[in-house]
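The values are calculated or read from the model by the stated rules, or taken from the named source; none is laboratory data. Keep in mind the model is a prediction, meaning the values are calculated, not measured. Here the Cβ positions follow ideal geometry from the backbone for every residue, glycine too, while neighbour counts run over all protein chains shown. Accessible surface is based on the protein model in full, side chains and every heavy atom, while ligands, DNA and RNA are left aside. Shrake-Rupley method; radii C 1.70, N 1.55, O 1.52, S 1.80 Å.
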Amino acid sequence: MSTSFHLLADAPAQLLPARELMAFTLASHIILVPLGVAFPFITLVMHYRGLRRKDATALLLARRWSAVMAVQFALGIVTGTVLSFEFGLLWPGLMGRWGDVFGVGFGVEAWAFFLEAVLIAIYLYGWRRLKPRTHFLLALPLPFAALLGAFGILAANSWMNTPQGFSLDSEGNPVDVNVWKAIFTPMFGPQYWHFVVAMVLTAGFMVSGVYAMGWLRGRRDHYHRLGFTVPFTIAAVAAPVQFVLGDSIARSVFHKQPVKFAALEIVWKTDTRVPEYLFGRLHEDGTVSGGIKIPLLDSVLAGFSPNTEVVGLTSVPPDQRPTATQATIAHWAFDLMVVIGSVLVLLALWYGFVWLRHRRLPASAWFYRSAAGAGAASVVAVECGWIATEVGRQPWIVYQNMRVAEAVTSTRSTSLWIMLGLVMVVYVFLFGSFVVILLKMRTRWRLADEQQAAADTGGTPEDDLPYGPRASLSTSDVPAAGPGGDRT
């Protein structure tokens, strides 16, 4: 019997459904995280442009984006709360033993959440009710509240990767907790900034992708041009920065978590002049099948020299490292994230080259097709990043201090499978409702634009300033919806 089967046989029956439940809820929640962390910043950039240039279209976009932000935040409340409960319900061993050490991160995240909720409410209420400058200034703390929430979560996760700030008593329980050391662990800086820039990049591509679709459908007005340009420019600036940060965090993993690095690069034996495998599958005997083998590259990337020694999976016993299957999963997730990131950098360079040379947007339809897909690709890259981080750390839930099997709940596996099924049904309903609400908002905005454009005032939809008086138009003035008037 192989090593993997021995390890699976020794694991509690409830471990697999607990992992699947946590993985599903986390993967679902993370779709919303880029909008929660970075969308307020993008919205305020558009808002600032509108105020500075007296651009009614920019203010209109900022106002509509703030409504989307609020709906997304409401859904994020639900999915985020579920995750918070799951930490205690599914992993009582983790929270029971280590909660006093790293739980401060969750406390920071909770305070940031309440602050963000208040600021979003003020921002929504302020349109047409506050002076423009006052309204904008009151909204400025919103991106910082979002970053504070990310700070709390990343502090907890980076501690799980590189735990410190405590001593162990004779029974193995943590004592003499140093909160500052527990927060600012060796992996915190690389992980936090890599995450934040990833959120900015992903949110920028997600938002601009909507307007890229409108561009492909022939909508070339100022509304769609501005809706595309501002978020895409932010994402394009973030893309090469993220590429550098990604290289930095990979090197940090190489130094601080060498066994995880071995899993990400499917390195079996400690050696120098180690090749790089693009994809490929690791087997139980250490052989690799498939993929593209590039000689020496892994050692060069890790230490800038082919003579750099890379620690292999066999440097530790089998029960202290990922299985061959887990290593392959982490490796594929890592490689896919890198491939997507590289393509997004090329897309950003295409955009930048055309703009710097011709001072205009690219004209190629293939550029906008790529931009339309960049948002979904970015979300996939974020998902892959978390898979690589969590699967590559196996079998540890607290690196080299507690195994996942030691932290799992004692609840029967049957109950956990039922819970997973129920959560999946509820989440399908929640995300379906989210999409329906967004579509209804889009339809309402489209009709409002057509109503304004058809008014006998000589105005256009962009002339309705969010700080001006509301338009007073009769229902009979609203024309039938046409293909040319769709707004997103």
Inset, instruction - Of the numbered conditions (1) assigned to a helix (DSSP H, G or I); (2) open to solvent by less than 50 Å² (accessible area, probe 1.4 Å), TRP111 fails exactly one; give the number of that condition. - result: (2)
Legend entry - Residues of the stretch 385-436 classified as on the phi < 0 side of the Ramachandran plot and assigned to a loop (DSSP other than H, G, I, E, B), total: 11
Inset, instruction - Using the structure shown, decide if ALA374 is in a loop (DSSP other than H, G, I, E, B), hydrophobic (A, V, I, L, M, F, W, C) and out of contact with any Pro (no Cβ under 6 Å at 6 or more places or on another chain). - result: no
Legend entry - Odd one out for SER289 among (1) open to solvent by less than 20 Å² (accessible area, probe 1.4 Å); (2) touching a His at 6+ places or on another chain (Cβ under 9 Å): (1)
Inset, instruction - Select from the stretch 305-323 the residues that are open to solvent by 10 Å² or more (accessible area, probe 1.4 Å) and under 18 Å from GLU276 (Cβ atoms) and list them in ascending order. - result: SER305, PRO306, ASN307, THR308, GLU309, VAL311
Inset, instruction - Starting from the stretch 92-104, keep only residues that are more than 14 Å from TRP159 (Cα to Cα), then list their pairs with residues that are in a helix (DSSP H, G or I) and aliphatic (A, V, I, L, M) whose Cβ atoms are within a distance under 6 Å, requiring at least 6 positions of separation or different chains. - result: GLY93/ALA407
Legend entry - Sole residue being free of Cβ contacts under 8 Å to residues at least 40 places away in the same chain and touching a helix residue (DSSP H, G or I) at 6+ places or on another chain (Cβ under 7 Å), chosen from PRO275, PRO318, PRO295: PRO275
Inset, instruction - State yes or no: is ARG220 over 29 Å from GLY107 (Cα atoms), free of Cβ contacts under 8 Å to residues at least 60 places away in the same chain and open to solvent by 20 Å² or more (accessible area, probe 1.4 Å)? - result: yes
Inset, instruction - Considering every residue within the stretch 145-165, establish whether at least one is touching a Leu at 6+ places or on another chain (Cβ under 8 Å), farther than 21 Å from LEU94 by Cβ and open to solvent by 30 Å² or more (accessible area, probe 1.4 Å). - result: yes
Inset, instruction - Out of the residues in the stretch 397-422 that are within 25 Å of the chain's Cα centre (by Cα) and without any contact (Cβ under 8 Å) to a residue 60 or more places away in the chain, state the one that is least open to solvent (accessible area, probe 1.4 Å). - result: GLY421
Legend entry - Matching residues, the stretch 49-102, being among the hydroxyl-bearing types (Ser, Thr, Tyr) and open to solvent by 20 Å² or more (accessible area, probe 1.4 Å): THR81, SER84
Inset, instruction - Can you tell me which residue among GLY209, GLY227 is crowded, with 18+ Cβ neighbours inside 10 Å, touching a Leu at 6+ places or on another chain (Cβ under 9 Å) and either touching a residue at least 60 places away in the same chain (Cβ under 8 Å) or not acidic (Asp, Glu) (or both)? - result: GLY227
Inset, instruction - State the number of residues belonging to the stretch 294-304 that are open to solvent by 30 Å² or more (accessible area, probe 1.4 Å) and either of a type in the set (A, V, I, L, M) or modelled with pLDDT of 90 or more (or both). - result: 6
Inset, instruction - Go through (1) touching a Ser or Thr at 6+ places or on another chain (Cβ under 8 Å); (2) buried (at least 21 other Cβ atoms within 10 Å of the Cβ) and name the single condition ALA236 misses. - result: (1)
Inset, instruction - Could you tell me whether the stretch 282-291 includes any residue that is assigned to a loop (DSSP other than H, G, I, E, B), out of contact with any strand residue (DSSP E or B) (no Cβ under 9 Å at 6 or more places or on another chain) and at positive phi? - result: yes
Legend entry - helices (runs of 4 or more DSSP H) completely within the stretch 163-270 that count 2 or more residues being in contact with a Pro (Cβ under 7 Å, 6 or more places away or on another chain) and closer than 20 Å to TRP350 by Cα: 188-216
